[in-house]
Amino acid sequence: MEYDHKKIEAEWQKIWEKNEKLWAAEDFSKKPKQYILVEFPYPSGEGLHVGHVRSYSALDAFARKKRMEGNNVLYPIGWDAFGLPTENYAIKNGIHPREATDKNIKNYKRQIKSLGLSFDWKREIDTTDPAYYKWTQWIFLKFFEKGLAYQVEMPINWCPQCKIGLANEEAVGGVCERCGAPAEKRNVKQWLLKITAYADRLIDDLNEVDYLEKIKTQQINWIGRSYGTNVDFKIKSNSQKISVFTTRIDTIFGVTALVLAPENKILQDFKENIANWPEVENYIIASAKKSDLERTTEQKERIGVEIKGIKVINPLNQEEIAVWVADYVIATYGGGAVMMVPAHDRRDWDFAKNYSIAIKEVVGGGDISKEPYVEYGRLVNSEGFNGLDSQEAIEKITQWLADNTLGGKAVNYKLRDWIFSRQHYWGEPIPIIHCDKCGTVPVPESELPVELPYVEKYQPTGTGESPLAAIKEWVNVKCPNCQGQAKRETDTMPNWAGSSWYFLRYIDPKNNNIFADGKKLKYWLMVDLYNGGMEHTTLHLLYSRFWHKFLYDLKLVPTSEPYARRQSHGIVLAEDNQKMSKSRGNVINPDNIIETYGADSLRIYEMFMGPFDQTISWNTNGLVGCYRFLNRVWDIFHRPEKFGSTVQDAEIKINQLIKRIGEDLEAMKFNTAVAAFMEFINFWSEDAKTLSKKDSETFLKLLAPFAPHICEELWLGLDNKMSIHLETWPAYNLELLEKGDYELIIQINGKVRDKIMVSKKLERSEIEKLTMARDAVKKHISGKEIKKIIFVPNRLINIVVS
RNA sequence: GCGCCCGUGGCGAAAUUGGCAGACGCACCAGCUUUAGGAGCUGGCGCCGUAAGGCAUAGAGGUUCAAGUCCUCUCGGGCGCACCA
């Protein structure tokens, strides 16, 4: 009989679909719960990527094993469907984003179902469904209520060609993602979420969770906490001061200038006092015109302007110091001002060289005539602090500043508040109304959701406003406060919004009264295992942890962290080692693979192709190998002569297999698990190797989470009535594995000279006797003195001779 | 520049965490089998050598009875952040 994957897979998928309870998660079940989460896909027009299949198949195997072990498993799926690609696609093709999204979801759903994944479809969610985004808006209102959502005028990336505002992630490298034109800066009123209020907890609470070390480091680096000192420089002949952050207060005596960012407000405040204001103003305007790209690529030549007419005083030695403006100083970090210590900082050194600013050594250990010395060392030229080492000096000087109310300890973060406005159509409307009389008024909860108007015109307006601004009948509303004329906020949320809390909605997807019921949340949280792409380990992970912590503070979720464990999977590249893309013509469509080889082969191959967390190239030949393996499995189960009583060595083999598959699945080592199945089939295929029906069934149970269709079919062929997926995960016989024989490696001076089978029960002395009796051993030690014998139980013996 | 990770056959990779290097799969070679199908079966497959044996985990050194695994340096590659004071 032939292995007809098409027929088998179609049949079983139909039966499983009817039997809704098979993969359903049950709220409040007495069984231990297990929440397994995969990042939900963005349903693009391209269809499912084989990279999705990799993650879903592997976690499906994990989830199925957990079910067989008696857990109440929640393994859900949904659609992260708001966002620019759909909006652009819609504009280009004249299809409404709603229709495009529905069409794409339908296609994704068909593709995912054809893989036989055990998702609980009754919990399917869609971030663009008003019943879903009602709660995204509701959470936003909570942020607003607590003062963590605020509006501010700030420069955003603006594409002069597309005439549209760009999010940072749409302007990577300073160019517009769509047309490649360099992005400019433009001042627009934006909504921000105060994620910086959670910076410390977002770092510190990483101790509570099990993420890959790499992922934790990424989060920590992104937040970029650094401890240092604030120090106030008084402005000469004025009562004002300029506050500066530094991590190297030990170098304060080496300050030879103060440098301000061009955006620093002080410049505008003091323009009357600045003698060369036109020159300074020109410089400010010029740097505003530069893109981030230009500002960062001009690193080598440091350009700035000295501000004439303003001097500041070094608080430690009362020295008078010049003030400069230069755009290598970042406006949004550390107050937008830097104390320049050319002797001990690379950038300051370059700048000082350019403008012949004094270079004064205050930390010994380097040769500052050649290059800046940036290491710690012993202080010189620092008056009362001479002779201290840097670390001690930092402490003492900071203390001195604090005592004299001239500064003190300070912490700074690279993390900025999250720009939450998008001037686009296809996103959640921000539920705010602007009233001339009452100001910024939240939409009352009872009026949520604020639905996106279904209109024909969602093209950018070109004014920098969202396309929603052009829809008068939607924009003009009554103020909920005073009933006067008012206007809706026309910005929408970024597509990070819906994905910041989606894992909570799976827990209670149909609830109309709250985003999710508290008791259910308590039952299901935390997420036990969260898997997704490495590209989401900074932003998405950080954002969703932030939202979760906020909800935790409102006592709306029971845990301070959402995800107990996070694993990431590697990208699947095309056969030519390039990213798969339509334009390169190297895309592998899972539909075609399933048609030719079947879903089970595809699933097995995606797990076998390499270590799960590693980027790997597709190879159709490798897939064929997995297809052959399943054919061999099919074949052997249809050969009566392979059944009988289990031969003795097979008994150990099957127990080893149970142990290994279990361990490999827990460790996410799917590739070696598949290899173990292949090994076992190779072994069983050998002449005269027979298995009992029970042991062959054990093999099928182990393989079922990996290749669910073929195993269900073969299981039925062995006269079973119920689904194999309802079976209990096999246990192994530890005793059997621990007793018995093993192959002892015999080494002379660390080189393998012989191998013998010995019992695990033998004492060391008996093993030594057996070893010495071997011809190969005698040959290699004759005439030599035995210095030492190393014996590693169950493994090897090493005889050291002179 | 800073931080993290990684270098093993022709290729994707294993290696119980210091104990047989190359499991498993691909590709390749030989044989069998009327076999047109991304066929199957058997055997081979790191390098040198007829063999015994020797040499091999990017390179050099070190620790150890024993090193792919630990330490030091060099070379090569990947990822993240990127003027963060």
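In this structure, is A:Y425 touching a residue at least 24 places away in the same chain (Cβ under 8 Å), in contact with a His (Cβ under 9 Å, 6 or more places away or on another chain) and more than 16 Å from RNA strand B (Cβ to nearest atom)? No. The single condition among (1) under 25 Å from the mean Cα position of the chain (by Cα); (2) at pLDDT 95 or above that A:G83 does not satisfy is (2). Among the residues of region A:47-100, those that are charged (D, E, K, R) and touching a residue at least 40 places away in the same chain (Cβ under 8 Å) comprise A:R54, A:D60, A:R64, A:K65, A:R67, A:E69, A:D80, A:E87, A:R98. With the condition kept exactly as written, say whether any residue in region A:409-429 is in contact with a strand residue (DSSP E or B) (Cβ under 8 Å, 6 or more places away or on another chain) and closer than 18 Å to A:A257 by Cα. So far as region A:409-429 goes, no, none of its residues is in contact with a strand residue (DSSP E or B) (Cβ under 8 Å, 6 or more places away or on another chain) and closer than 18 Å to A:A257 by Cα.
Go through region A:192-210 and report how many residues are closer than 21 Å to A:K414 by Cβ and either more than 16 Å from RNA strand B (Cβ to nearest atom) or open to solvent by less than 10 Å² (accessible area, probe 1.4 Å) (or both). It would help to see each step written out before you state the result.
To start, the set of residues in region A:192-210 that are closer than 21 Å to A:K414 by Cβ comprises A:192-207.
Going one step further and asking which of them are either more than 16 Å from RNA strand B (Cβ to nearest atom) or open to solvent by less than 10 Å² (accessible area, probe 1.4 Å) (or both), we end up with A:192-195, A:197-199, A:201-202, A:204-207.
Summing the residues that are closer than 21 Å to A:K414 by Cβ and either more than 16 Å from RNA strand B (Cβ to nearest atom) or open to solvent by less than 10 Å² (accessible area, probe 1.4 Å) (or both) in region A:192-210 gives 13.
Residues of region A:246-267 that are loosely packed, with under 15 Cβ neighbours inside 10 Å and within 28 Å of A:E375 (Cβ to Cβ): A:T247 alone. Tell me, which residue of region A:319-329 that is near RNA strand B (Cβ under 8 Å from one of its atoms) and not aliphatic (A, V, I, L, M) is surrounded by the most Cβ atoms within 10 Å (Cβ to Cβ)? Once the filter is applied, the top-ranked residue is A:D327. Considering only region A:133-160, state which residues are crowded, with 20+ Cβ neighbours inside 10 Å and polar (S, T, N, Q). Across region A:133-160, the qualifying residues are A:T136, A:Q137, A:N157.
Which residue, of A:I652, A:I724, A:I710, A:I661, is more than 25 Å from A:Q13 (Cβ to Cβ) and among the β-branched types (V, I, T)?
A:I652
Residue pairs whose Cβ atoms lie under 6 Å apart, separated by 6 or more positions or on different chains, with the first residue in region A:738-754 and more than 6 Å from RNA strand B (Cβ to nearest atom) and the second assigned to a strand (DSSP E or B) and among the hydroxyl-bearing types (S, T, Y), are A:D741/A:S759.
Residues that are at pLDDT 95 or above and of a type in the set (D, E) within region A:714-732 comprise just one, A:E727. The C-beta contact set for region A:758-775 (first residue among the β-branched types (V, I, T), second residue at pLDDT below 85 and open to solvent by 80 Å² or more (accessible area, probe 1.4 Å), distance under 7 angstrom, 6+ apart or interchain) comprises A:V758/A:D741. Considering A:A343, A:A358, the condition of being buried (at least 19 other Cβ atoms within 10 Å of the Cβ) and more than 8 Å from RNA strand B (Cβ to nearest atom) is satisfied by A:A343 alone.
Would a scan of region A:125-132 turn up a residue that is more than 20 Å from A:L554 (Cα to Cα), among the charged types (D, E, K, R), surrounded by 17 or more Cβ atoms within 10 Å (Cβ to Cβ) and touching a helix residue (DSSP H, G or I) at 6+ places or on another chain (Cβ under 9 Å)? Within region A:125-132, one or more residues are more than 20 Å from A:L554 (Cα to Cα), among the charged types (D, E, K, R), surrounded by 17 or more Cβ atoms within 10 Å (Cβ to Cβ) and touching a helix residue (DSSP H, G or I) at 6+ places or on another chain (Cβ under 9 Å). In region A:361-379, of all residues being among the aliphatic types (A, V, I, L, M) and closer than 28 Å to A:E306 by Cα, the one that is surrounded by the fewest Cβ atoms within 10 Å (Cβ to Cβ) corresponds to A:V374.
A:K194: free of Cβ contacts under 8 Å to residues at least 40 places away in the same chain and within 26 Å of the chain's Cα centre (by Cα), yes or no?
Details: free of Cβ contacts under 8 Å to residues at least 40 places away in the same chain: no; within 26 Å of the chain's Cα centre (by Cα): yes.
The answer is no for A:K194.
A quick yes/no check of all residues on (1) modelled with pLDDT of 95 or more; (2) hydroxyl-bearing (S, T, Y); (3) under 30 Å from A:N511 (Cβ atoms):
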site: A:T127; (1), (2), (3): yes, yes, yes
site: A:W138; (1), (2), (3): yes, no, yes
site: A:F143; (1), (2), (3): yes, no, yes
site: A:C159; (1), (2), (3): no, no, no
site: A:N168; (1), (2), (3): no, no, no
site: A:V188; (1), (2), (3): no, no, no
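A:F706 meets the stated requirement of being more than 12 Å from RNA strand B (Cβ to nearest atom), within 23 Å of A:I652 (Cβ to Cβ), surrounded by 22 or more Cβ atoms within 10 Å (Cβ to Cβ) and among the aromatic types (F, W, Y). Scan (1) in contact with a helix residue (DSSP H, G or I) (Cβ under 7 Å, 6 or more places away or on another chain); (2) over 25 Å from A:G70 (Cα atoms) for the single condition A:D741 breaks and write down its number. Of everything listed in (1) in contact with a helix residue (DSSP H, G or I) (Cβ under 7 Å, 6 or more places away or on another chain); (2) over 25 Å from A:G70 (Cα atoms), A:D741 misses just condition (1). For region A:17-49, residues that are assigned to a helix (DSSP H, G or I) and either surrounded by fewer than 15 Cβ atoms within 10 Å (Cβ to Cβ) or at pLDDT below 95 (or both) total 5.
Does A:S243 qualify as being hydroxyl-bearing (S, T, Y), open to solvent by 30 Å² or more (accessible area, probe 1.4 Å) and more than 29 Å from A:R347 (Cβ to Cβ)? So that I can check it myself, show each step before the final result.
Working: hydroxyl-bearing (S, T, Y): yes; open to solvent by 30 Å² or more (accessible area, probe 1.4 Å): yes; more than 29 Å from A:R347 (Cβ to Cβ): no.
In short, no.
Within the span defined as region A:688-702, one or more residues are open to solvent by less than 50 Å² (accessible area, probe 1.4 Å), more than 10 Å from RNA strand B (Cβ to nearest atom), part of a helix (DSSP H, G or I) and β-branched (V, I, T).
Which residues, counting only those in region A:330-340, are near RNA strand B (Cβ under 7 Å from one of its atoms) and crowded, with 24+ Cβ neighbours inside 10 Å? Show your work before the answer.
First, the residues of region A:330-340 that are near RNA strand B (Cβ under 7 Å from one of its atoms): A:330, A:333-334, A:336, A:338-339.
Matches in region A:330-340: A:V338, A:M339.
Restricting the search to region A:616-661, which residues are open to solvent by 60 Å² or more (accessible area, probe 1.4 Å), in a loop (DSSP other than H, G, I, E, B) and more than 7 Å from RNA strand B (Cβ to nearest atom)? Within region A:616-661, A:H638, A:R639, A:S645 qualify.
The values are calculated or read from the model by the stated rules, or taken from the named source; none is laboratory data. Bear in mind the structure is a predicted one, so any value in this text is a computation, not a measurement. Ideal geometry is used to build each Cβ from the backbone, glycine not excepted, and the neighbour counts take in all protein chains shown. Note: areas computed on protein heavy atoms with side chains; ligands, DNA, RNA excluded. Shrake-Rupley method; radii C 1.70, N 1.55, O 1.52, S 1.80 Å.
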